[in-house]
Amino acid sequence: MGLAEFLIQALNSFQYGLLLFMLAAGLTLIFGIMGVVNLAHGSFYMLGAYLAYGFTTLTDNLGMALVLGAGVGFAFGWLLERGLFRFFYTRDHLDQVLLTFGLIYLFEELRAIVWGNDVHGVPIPAWLKGSVPLTDTLSYPYYRLFVGAVCLALAVGLWALIHRTRLGMHIRAGAFNRTMAQALGIDIERLYAIVFAMGVALAAVAGMVAAPLSSVYPNMGGSVLIMCFVVVVIGGIGSIRGAFIAALLVGTVDTFGKVLLPQLASMLVYVLMALVLLWRPQGLFKN
Amino acid sequence: MSASHATTTHLSPALMRALAIATVGLALLPLGAEDYTIDAVTRMMILALFAMSLDLLQGVTGLVSLGHAAYFGLAGYVLAFLTPESEAVSLWTSLPLAMLASAALALLVGALVVRTSGIYFIMSTMAFGQMVFYLFFDNKALGGSDGLFVNFRPQAGWFDLDNRLHFFYFTLVCLLLVYGFLRRLLHSPLGRALQGIRVNEHRMRAVGFNTYTHKLSAFTLSGALAGLAGYLWGAQTGFINPELMGFHWSAHLIMMVILGGMGNFAGAIIGAFAFEYTLHLFKDLPVIAGFDLGQHWQLVMGLFIVAVVVWLPQGLLGGLQRLMSRGDGQRGAPHA
């Protein structure tokens, strides 16, 4: 593997890892703060991808679609939390697993009713077409760099939100001790709705930016959900930092695995998870 | 974790009688049923075996495995690999091998996942289940995404498994044997310890139980029994594919156990029958106001699952038992 090729794979790993982080962050936040396991998280990714498809055909502008889609995702998450999830915080994990499994069916079928079962492509905007030449034969597409940049910006934004704002302080307090946070006058109900909606919006944005690369197809949330579970298990449940590091690790192992050991590529990530479970059953960064 | 799914280990005498009558009815069913029904009920019994294997973990020990389909599917694959091109394989060698393979996989995965608990356990069992799924899905040598054919049904001595009735009764015998075995296990020292772990693992450890070994034993045994079901499935349908190892299957299985009522194995059987029948009904739904419900059965299915979770936490068996005991209570009232 030459240097240029290595660079391409490294960039791909980084970009894939960041994309996974967007999803895993929502999953781990929702679990860490509300104690809810959400199997339907992959559906929000799918929702985002289909929104990107829907909005780009309407507005012909991916930037606009991203903003609109994030808004729709946030509103959708808010409604879902207020209307359904908040009744399940005190139920046991088994109920939550089944509830969210039922939701996967619901969302898939609604998607089939609204958008049908065809595979759709989402065009890359004109100003992001083209690529950076690396050698005579190899180059790196602008759009992939754009995806990496968007995810990185959001990751930094999320970090700043949690560690540098009042809302973030409340979120940390809520995760640490719900009753105490409530006693100190934090509106925990509203906080939960915000965190949940934020998680949904992040997953939807991940789906939207990934749509031009992966195209848009039924059941696309399934495989991405499993990868997120692996990321969360490796990183340690409830830990954003853990999710970040684990996501980059999984992205690297998966991307380089596909190049170096194609036969075993789909297994490598799980081997990594097995090793982490052997070494630290609670994940790398358990809060 | 709050226990909104109260497990009902004890079955009231009235319920036992009802179950015994139902069993006799099941055994007599082929006398007056069409071929299609016999096949469908055989399938339900296989799923009931599968559901009981999960109930040992989920209902008795309190471990929710979201990757149980892997052990089911693996045994089916072992049968497919062992069956030669042009003749049948003996059941007496292939079945133990298939169950052993499932048990070995369960032991391997269990050794890792049993170290975790709660939500962590759910996520890691699911991830390892998907690992097995992708192993078979991505490798052409293992059948790839199309799966494998089981060319001949295995040979099983007195039972001629090519005969629909023989297959039905063979499955029924397996079902009753496994049920009897698991009910015995429930009241054995291991079964008691497993129930103790469900209620309070810390206390069990404090009392001196090695909970890791107990949980791993349950996980392995459960994997082997799931293998029995998967083997029979492969033998009945003559076909095995990666979908049977996927997480949708695992989730359906959890649903069966919940629907029936956990922790007593009878509920798992009832749940498997009820779930399979409901699924069948949903796929046959009519067109209402220009909207084809049958084609969009997943919508109804999703709503059904949500409804069961919200309104039927103790499952059908729990509801039935409550209904019956209410009747008993009224009859017994004047004496009290």
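The values are calculated or read from the model by the stated rules, or taken from the named source; none is laboratory data. Predicted, not measured: the structure shown is a model, and the values here were computed from it. Cβ placement follows ideal geometry from the backbone for every residue including glycine, while neighbour counts extend to all protein chains displayed.
Have a look at B:74, B:66, B:56 and point out the one that is within 14 Å of another protein chain (Cβ to nearest Cβ) and closer than 30 Å to residue B:129 by Cα. The match here is B:66.
Determine, yes or no, whether residue B:173 is within 14 Å of another protein chain (Cβ to nearest Cβ), at pLDDT 90 or above and either within 13 Å of residue B:236 (Cβ to Cβ) or in a helix (DSSP H, G or I) (or both). Quick ask: steps written out before the conclusion?
On the way: within 14 Å of another protein chain (Cβ to nearest Cβ): no; at pLDDT 90 or above: yes; either within 13 Å of residue B:236 (Cβ to Cβ) or in a helix (DSSP H, G or I) (or both): yes.
Against the criterion (within 14 Å of another protein chain (Cβ to nearest Cβ), at pLDDT 90 or above and either within 13 Å of residue B:236 (Cβ to Cβ) or in a helix (DSSP H, G or I) (or both)), residue B:173 does not qualify.
What number of residues within segment B:253-294 are among the aliphatic types (A, V, I, L, M), in contact with a Pro (Cβ under 9 Å, 6 or more places away or on another chain) and closer than 17 Å to residue A:110 by Cα? Residues meeting the conditions: 1. Of the helices (runs of 4 or more DSSP H) lying entirely inside segment A:153-269, the ones with 1 or more residues being among the small types (Gly, Ala, Ser) and surrounded by 24 or more Cβ atoms within 10 Å (Cβ to Cβ) are found at A:188-214, A:220-235, A:240-260. Taking the numbered list (1) free of Cβ contacts under 8 Å to residues at least 60 places away in the same chain; (2) in contact with a helix residue (DSSP H, G or I) (Cβ under 9 Å, 6 or more places away or on another chain); (3) farther than 25 Å from residue B:297 by Cα in turn, residue A:110 passes all entries but (3). Where helices (runs of 4 or more DSSP H) fall wholly inside segment B:69-149, the ranges with 3 or more residues that are hydroxyl-bearing (Ser, Thr, Tyr) and over 26 Å from residue A:261 (Cα atoms) are B:91-113.
Yes/no matrix, rows are residues, columns are (1) of a type outside the set (Val, Ile, Thr); (2) buried (at least 22 other Cβ atoms within 10 Å of the Cβ); (3) within 14 Å of another protein chain (Cβ to nearest Cβ):
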{"residue": "A:27", "(1), (2), (3)": "yes, yes, yes"}
{"residue": "A:39", "(1), (2), (3)": "yes, yes, yes"}
{"residue": "A:44", "(1), (2), (3)": "yes, yes, no"}
{"residue": "A:54", "(1), (2), (3)": "yes, no, no"}
{"residue": "A:59", "(1), (2), (3)": "no, no, no"}
{"residue": "A:66", "(1), (2), (3)": "yes, no, no"}
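Go through segment A:73-109 and report how many residues are within 13 Å of chain B (Cβ to nearest Cβ) and over 30 Å from residue B:124 (Cβ atoms). Walk me through how you get there before you give the answer.
Taking segment A:73-109 and keeping what is within 13 Å of chain B (Cβ to nearest Cβ), we get A:80, A:83-85, A:87-109.
So of that shortlist, the ones also over 30 Å from residue B:124 (Cβ atoms) come out as A:83.
Of the residues in that region, 1 qualify.
Within segment B:135-156, identify whether any single residue is more than 22 Å from the chain's Cα centre (by Cα), within 14 Å of chain A (Cβ to nearest Cβ), surrounded by fewer than 21 Cβ atoms within 10 Å (Cβ to Cβ) and acidic (Asp, Glu), and answer yes or no. Yes - at least one qualifying residue is present in segment B:135-156. Among the candidates B:241, B:264, B:210, B:200, which residue alone is out of contact with any strand residue (DSSP E or B) (no Cβ under 6 Å at 6 or more places or on another chain), surrounded by fewer than 24 Cβ atoms within 10 Å (Cβ to Cβ) and in contact (Cβ under 8 Å) with a residue 12 or more places away in the chain? Being out of contact with any strand residue (DSSP E or B) (no Cβ under 6 Å at 6 or more places or on another chain), surrounded by fewer than 24 Cβ atoms within 10 Å (Cβ to Cβ) and in contact (Cβ under 8 Å) with a residue 12 or more places away in the chain holds for just one of B:241, B:264, B:210, B:200, which is B:241.
I'd like to know if segment B:249-259 contains one or more residues that are more than 14 Å from every other protein chain (Cβ to nearest Cβ), assigned to a helix (DSSP H, G or I) and either closer than 26 Å to residue B:17 by Cα or not hydroxyl-bearing (Ser, Thr, Tyr) (or both). No, that holds for no residue.
When segment A:114-147 is filtered for residues that are within 14 Å of another protein chain (Cβ to nearest Cβ) and surrounded by fewer than 13 Cβ atoms within 10 Å (Cβ to Cβ), the ones remaining, listed by number, are A:114, A:116, A:117.
Within segment A:257-279, residues that are more than 16 Å from residue A:12 (Cα to Cα) and in contact (Cβ under 8 Å) with a residue 12 or more places away in the chain sit with their Cβ atoms under 8 Å from residues that are not aliphatic (A, V, I, L, M) and not in a helix (DSSP H, G or I), at 6+ positions apart or across chains, in these pairs: A:276/A:283; A:277/B:115; A:277/B:116. Screening A:244, A:256 for residues that are more than 14 Å from the chain's Cα centre (by Cα), within 17 Å of residue A:16 (Cβ to Cβ) and more than 14 Å from chain B (Cβ to nearest Cβ) leaves exactly one candidate, A:256.
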